1. Please arrange Lys39, Lys19 by accessible surface area, largest first, computed with a 1.4 Å probe and ligands excluded.
2. Order the following by accessible area, largest value first: Arg61, Arg77. Probe radius 1.4 Å; ligands, DNA and RNA are ignored.
3. Give me the one-decimal nm value for the distance between modelled label points at Met1 and Asp115, 7 Å along each residue's Cα-to-Cβ direction.
4. Long-range amide H contacts for Leu42: which residues qualify at under 5 Å (H placed 1.01 Å from N, peptide plane, sequence gap of 5 or more or a different chain)?
5. In whole Hz and in residue order, list the ³J(HN,Hα) couplings for the range 104-109 that follow from phi through the Karplus curve 6.51 cos²θ - 1.76 cosθ + 1.60, θ = phi - 60°; x for Gly and Pro.
6. Give the long-range amide H neighbours of Leu51: residues separated by 5 or more places, or on another chain, with amide H under 5 Å away, using H modelled in the peptide plane at 1.01 Å from N.
7. Write down, largest first, the equivalent ellipsoid semi-axes of the range 1-111 in whole Å, where each equals the square root of 5 times an eigenvalue of the alpha-carbon gyration tensor.
Amino acid sequence: MTLVVANHFVVVDFNGFIKVVDAVGGVPVCLANPVDAPKAHLKLPAGNQVLNGFQALGWVRAREGVGDGSDLSRIKRQQLFLGSLMRTVTSTKVLTNPVRLVSVLNAVAHAVTTDSALGERILDDLQAFARRRGSIFLKIDPDVSLGVGVPGQADEQPTAAGAAFVDSLR
């Protein structure tokens, strides 16, 4: 045994990853060199690209045909990609567009599973974030159901996607 303690975990399946990337409208990357990674079903020219979900999955999983092919190179690429994804998710392109934001929240709700302690913290952070934004909000009812709504509309009820998100956190 390594004696390494994992305090929390997050699981994102491949299909969920694809849906999250597609929900934000793609994720920008800048490629120093062309990419030809047949096993990852990925062929891209050098330069600025906006990767769709399928391309993004190939990009973060590819070993051969990208960089030096090492696991460390792949890990670095994954970290850079996740940074770009987070910048995209928190951009005005997403946060000021209620339709896109709800789409992203729904994609994440179906794609992510965490341990319960981290899940509770995420819900708290989402509520705090939503209160600060004002353009869209999350409403947590006493039964811990997640509802997503746009201000000014009729009283929002928990959505199926919101309920699935909360259930995945339990």
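The values are calculated or read from the model by the stated rules, or taken from the named source; none is laboratory data. None of these values were measured; they are calculated from a predicted model. We place every Cβ from the backbone using ideal geometry, glycine too, and count neighbours over all the protein chains shown. These area figures cover heavy atoms from the full protein model, side chains too; ligands, DNA and RNA do not enter into them. Shrake-Rupley method; radii C 1.70, N 1.55, O 1.52, S 1.80 Å.
1. Values: Lys39 160, Lys19 130 Å².
Per-residue accessible area, sorted high to low, gives Lys39, Lys19.
2. Details: Arg61 125, Arg77 20 Å².
Largest to smallest exposure gives the sequence Arg61, Arg77.
3. Computed distance between label sites Met1 and Asp115 equals 1.4 nm.
4. Those qualifying (amide H under 5 Å, at least 5 residues apart or on another chain) are Ala37.
5. Taking θ as phi minus 60°, the curve returns 5, 4, 5, 4, 5, 4 Hz for the range 104-109.
6. Val27, Val29
7. Values: eigenvalues 113, 87, 29 Å².
Calculated on Cα positions only, the semi-axes equal 24, 21, 12 Å.
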